[in-house]
Structures are given as structure tokens and as C-alpha cells.
1. Would you mind finding the longest exposed-site-free stretch of the chain, with exposed chymotrypsin sites (Phe, Trp or Tyr not before Pro) meaning DSSP loop and at most 11 other Cβ atoms within 10 Å?
2. For the chain, what is the calculated [θ] at 222 nm in deg cm²/dmol (nearest 500), taking -39500 (n - 2.57) for each run of four or more DSSP H residues and dividing by its residue count?
3. Can you list the HN-Hα couplings for the stretch 181-198, worked out from phi with the Karplus curve (6.51, -1.76, 1.60; θ = phi - 60°), rounded to whole Hz and with x for Gly and Pro?
4. Have a look at Pro82, Pro168, Pro26 and tell me which one the Gaussian network model of the chain (Cα, springs below 10 Å) gives the largest fluctuation.
5. Suppose we flag trypsin sites (Lys or Arg not before Pro) only when DSSP calls them loop and at most 15 other Cβ atoms lie within 10 Å. Which is the longest uninterrupted stretch of the chain?
6. First obtain the Kirkwood hydrodynamic radius of the stretch 1-54 from its Cα pairs, then insert it into the Stokes-Einstein equation at 25 °C and 0.890 mPa s, and state the resulting D in µm² per second as a whole number.
7. Using just the C-alpha positions of the stretch 59-201 as equal point scatterers, what log10 of I(q)/I(0) does the Debye formula give at each q in 0.19, 0.20 1/Å?
8. Within the stretch 1-54, what whole-number % of the accessible surface is contributed by carbon and sulfur, with the 1.4 Å probe and all protein chains included in the calculation?
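The values are calculated or read from the model by the stated rules, or taken from the named source; none is laboratory data. All of these numbers come straight from a predicted model, not from anything done at the bench. So basically every Cβ, Gly included, is an ideal-geometry build from the backbone, and we count neighbours across all protein chains shown. Remember, those area values only see protein heavy atoms, side chains included, never the ligands or the DNA or RNA. Shrake-Rupley method; radii C 1.70, N 1.55, O 1.52, S 1.80 Å.
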Amino acid sequence: MAASPDVFHARVLAAVDERTGRLPSPSMAYWEIFPFETDDLTVVPVVAPVLPEPARHGAGGVDCGACASEDGTVWRHAHWRPRVSATTSGVPLRLMLVSQAHVDFPDLPDERAAEVGVLLVHRARAIESLPHVARAHLSKWGDGGEHLHVFAYARPEGQRQMLGTLMPLWDDVLPPVPLDERDADARAVAEALVRSFGGAVARP
Ligand SMILES: [Zn+2]
């Protein structure tokens with residue numbers, strides 16, 4: 001039987017080190033892509049589950065920032081718009097695909113779900129076509145805001161320390177890329193989407 005939140009939490013607490021009161025360091029701390037030294041690394045204290053979970057930003061479309069603002073939009077379509085994130089990025093390009101309608105990812109109607117699948121592939125293809133980009137990493141979390149948003153992080157060519165899972169941490173650690181470079185990449189991706197998917201280029 002699946003563990004209830006309390007049972008899950010009790011199981012986690014049972015794994016806490018009696019001396020330090022913390023969980024052991026994660027195995028990924030010893031991966032070559034981990035962006036921090038492991039000396040003095042400690043896992044934050046385990047906190048109890050919060051039930052019921054608090055509402056996310058924009059729940060039910062009320063006071064939703066994604067509905068209210070199209071700032072940073074680089075490409076526009078009847079159903080979708082990718083935006084450059086409001087803050088600058090450490091990677092060459094960080095795009096957030098947002099639905100025009102207020103909808104949570106699991107609630108997408110099948111027609112839109114099929115469309116976003118194709119669009120995410122086209123977006124990845126466009127980003128990976130940039131000559132200085134090796135990979136477009138995708139991330140869908142949705143814990144902060146309810147409005148559908150799927151990130152793409154452009155992993156710079158040759159940067160083998162930035163493979164995979166820990167890209168968001170690297171993006172936060174790296175110095176911000178110049179805005180003119182970021183905007184040129186965003187425009188190239190938008191133009192590629194116009195050619196392959198339709199829609200129109202927008203000014204970020
Ligand atoms: Zn919204």
C-alpha cells in the first residue's frame with residue numbers, strides 16, 4: 001500500500017543520522033557535475049509535511065502573473081508563448097514555454113497536449129541548432145505556479161561539468177550572459193519556430 005504523508009515522513013526521519021540530525025549527503029554530490037565542493041556539505045534539516053498543501057501562485061487563475069503579463073515573450077502563437085525568464089540566465093538561453101490559457105499541465109486537453117509535445121520537440125531542435133549550444137535541457141516542475149510552464153536550459157557546447165540534472169544550480173552559479181547575446185539566441189529560436197510550427201516572432 002502506498003505510504004501516507006506521515007508514514008513517508010516517519011521513514012525519512014528514521015534515516016536521519018543520530019549524531020548530526022541530518023540525512024547523509026546525496027550520492028550526486030560526488031558526481032563530476034556537482035557544482036560545489038563536498039567539504040562541510042550538509043543536508044538541510046528534514047521538515048514535517050504541510051497538509052493540506054498551500055495553494056500555488058495563480059491558483060484558479062486568480063492574480064496569476066503568467067496571465068497578467070506577457071513580458072519577455074519571444075514567440076507568440078494562438079495557444080503558446082515562450083518567454084525569456086525575467087531574470088538573466090547563466091546559461092546562454094533559458095526559455096519558459098507558457099500556455100496562453102490558464103491551465104495546469106496535467107489538465108491540458110488532449111488536443112493541446114499533443115500540440116505541446118510537438119512544440120517541445122521543435123523548441124529543443126531550435127535551441128540545439130544554435131552553434132554554441134550542445135543540448136536543450138527540459139524541466140517541468142509546477143510547484144511554484146499553477147499556470148503551465150516548461151523550462152528549457154541551453155547547455156553550452158563543451159561544458160561537460162553541466163551535463164544533466166544539476167543544470168538549474170549551474171545556471172544560478174554562472175555569471176549572467178550579456179542581454180544582447182541572449183536576445184539574439186532567443187530570436188533565432190523564435191524564427192526557427194515560425195518556420196517549423198507557425199506563430200510570429202515577438203520582441204522580448
Ligand atoms: Zn494564469
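1. By the stated rule (loop sites, at most 11 other Cβ atoms within 10 Å), 37-140.
2. Values: 5 runs with 58 residues, N = 204.
Taken over the chain, the calculation gives -8500 deg cm²/dmol.
3. 5, 4, 5, 5, 5, 4, 5, 4, 5, 4, 5, 5, 5, 4, 5, 9, 10, x
4. Result for the chain, Cα springs under 10 Å: Pro26 fluctuates most.
5. In the chain, the maximal stretch lacking such sites is 57-139.
6. Diffusion coefficient, whole number: 186 µm²/s.
7. Result of the Debye calculation: -1.16, -1.28.
8. On the way: 2730 of 4600 Å².
Here carbon and sulfur together make up 59 percent of the probe-accessible area.
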